[in-house]
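What follows is calculated from the coordinates using simple rules that are stated; it is not laboratory data. If you're wondering where the values come from, they're calculated on a predicted model, not measured in any experiment. Every residue, glycine among them, receives a Cβ derived from its backbone with ideal geometry; neighbour counts consider all protein chains shown.
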Amino acid sequence: MSRQGFSTQCAISIFFRDNGVSERQSMYVYLANVDLVRFAGTCRVFNTEVRVYMRRRLCCCLQTFVGNPLLLLTAMRASQTVISGSFALQYIFGEGSVPWEVNDLDLYTVNGGEVRMKKELESQGYASCCEGYAAHGASTPSSVKYAFREVLEVINMKRGDNSINLIVLRSSSPILPILQFHSMIVMNYISASTMFSAYPWITSCYEGIPNPYLFFHK
C-alpha cells in the first residue's frame, strides 16, 4: 500500500522490546522509523524484530549524550520523562536522513520529576548552568523560565560540548506541550518504552502544517 493510502491524521506509536537478534536487522538501518512501524504491522515475527532494533538504535543514539543509556531510560520511566525536539525528529527520520546534527537533548518531565532526572544526569557527568538563557525571575542560578505556559522552568545541563535541556512542566503529563508545538512535524516524542509521532506520514515526507492555535489564540 502506498503512503498516500494512509490518513495524515493517524498517529503512530510502537513499544520497544529489549532482546532478540535477526539478520534482517542489518537492513533496517536504511528505513525511516515510520516505514519500520508499517513493516512491523505485517506479521508477529517482523513486529518483534523491529521493536528490538528500534530499542537498540535508541540506545546507540543516546550514547552521544550519556555513557549509560539504560540508566537514563530507567530514570525517565521512574520520573515520567520523555524526549522530544530535534533528537526525536532525527530518530524518526532515521540515521543520515536529516541535514543537521543534534547538538542538544530536550527532556520533558512533570513537576517533581526533575529531581530524579537531574540526579541521573549529574551521575553521568553533567552540571547545571544558565548559558543561552535569560534567567528572569529564576529561583536558582540553574533554573530558568521558559516561554510556554505549560512549562514551569528549564534546567540547562552541560558536559563538555553536550547540552541537555531538562524542561519541567506544570501539568501532570509530559506530552501536553509537545502536542501544542508550532508545527505538526515536531509533534513527536520518545519515552522509555515507546516512540510516538502525531502526524507520521507528512512528517516522513519532510512536510509540516503550522499549528494555527499559536498564531490566532489570544
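Table for the structure above
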| item | result |
| --- | --- |
| Gain upon complete extension [N162, D35; 0.36 nm per residue less C-alpha separation] | 42.7 nm |
| Euclidean distance of C-alpha centroids, the stretch 154-177 and the stretch 38-59, integer Å | 28 Å |
| The stretch 31-111: GluC sites (Glu not before Pro) falling in loop per DSSP and having at most 12 other Cβ within 10 Å | E101 |
| Estimated FRET transfer efficiency when R0 is 25 angstrom, pair R149-S172 (beta carbons, to 0.05) | 0.95 |
| Highest-first arrangement of 156-162, 75-81, where packing means the average Cβ count within 10 Å | 75-81, 156-162 |
| Within-13-Å neighbourhood charge of S171 [Cβ basis; K, R +1; D, E -1] | +1 |
| Extension gain, T48 back to S193 (0.36 nm per residue minus Cα-Cα distance, nm) | 50.8 nm |
